[in-house]
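Notes follow once the structure below has been shown.
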Amino acid sequence: MLTDKELKKKYLPVFAKNPEKYYPVKFLEEEGFIRKRCSKCSKMFWSTDDSRKFCGDPGCSPNESFGFIGKSPAKNKLEYKEVWDKFSKMFKNLGYTPIKRYPIVARWNPTMEFTNASIAAFQPYVVSGEASPPANPLVIPQFCFRTVDIDNVGISGAHNTVFNMIGQHKFVPKDEWNQGEVFRHIHKWNIEGMGIKKSDITYHEDAWAGGGNFGCCMEFFSKG
């Protein structure tokens, strides 16, 4: 059986060959984003800047690195709790139900000890369809714990042992999934909720694996 990293390495090229099938291409093009390949890591990414050569990941963009520190690209200044308050209010208006977080000890999941991502609150039984979600769609301020990050804490500048992962989740059959719609909602948060200019955002074509699930995903960066 392939590891999570091996799965990503195997299928990222497959996703990249057919982006219209796996990523919200139509929406991104409508928003003025252009598909490009990073000159350093070769990952496909989207930007409104046609001259941009690097994907925005701190490891690929030495001039940006962690440039957001002390100079945030977000014009809306939010305290810790304000982020969830504003996020949940916006998504409630978009049809999502805000719910309370699950425990950090994943006692409902026989395959893991700690909740390490917001989706882990719904693995394995909700994701598999064996159990119904508490709401659908929903958003959740899930507190997470990752032992795999411990060795990097205080070294990379980008790792924490515990953190709050705000999750945007929708549980539907494959033929009802609308990638463009759910991506439009998180893009709206980036632009209107945090106040980041489109020109300061890069969206990566990526893959995610964890808790027994795997698939295509998009990650986004702004000033590192």
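The values are calculated or read from the model by the stated rules, or taken from the named source; none is laboratory data. Only a predicted model underlies this, so the values are computations on that prediction, with no experimental measurement involved. Glycine gets a Cβ as well: all are built from the backbone with ideal geometry, and neighbour counts include every protein chain shown. Ligands, DNA and RNA are stripped out before the accessible areas are found, and what is left, the full protein with its side chains, is counted by its heavy atoms. Shrake-Rupley method; radii C 1.70, N 1.55, O 1.52, S 1.80 Å.
A few points about this structure:
Matching residues to (1) touching a Phe, Trp or Tyr at 6+ places or on another chain (Cβ under 7 Å); (2) over 19 Å from N178 (Cα atoms); (3) basic (K, R):
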| position | (1), (2), (3) |
| --- | --- |
| E6 | no, yes, no |
| K9 | no, yes, yes |
| F15 | yes, no, no |
| P19 | no, no, no |
| L28 | yes, no, no |
| R37 | no, yes, yes |
| S42 | no, yes, no |
| G56 | yes, yes, no |
| S61 | yes, yes, no |
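- If you go through segment 192-224 and keep only what is part of a helix (DSSP H, G or I), closer than 20 Å to V139 by Cβ and open to solvent by less than 50 Å² (accessible area, probe 1.4 Å), you end up with just G193.
- Residue selected from segment 109-119 under the condition closer than 14 Å to I166 by Cβ and of a type in the set (A, V, I, L, M), by the criterion surrounded by the fewest Cβ atoms within 10 Å (Cβ to Cβ): A117
- Just so you know, in segment 129-183 the residues that are part of a helix (DSSP H, G or I) and of a type in the set (A, V, I, L, M) include one that is most open to solvent (accessible area, probe 1.4 Å), and it is V148.
- Segments classed as helices (runs of 4 or more DSSP H), wholly inside segment 12-108, with at least 2 members that are crowded, with 16+ Cβ neighbours inside 10 Å and touching a Lys or Arg at 6+ places or on another chain (Cβ under 8 Å): 25-30
- Residue count, segment 151-200 (criterion: among the basic types (K, R) and at pLDDT below 95): 1
- Of the candidates N63, N76, the single residue that is more than 21 Å from V25 (Cβ to Cβ) and modelled with pLDDT of 95 or more is N76.
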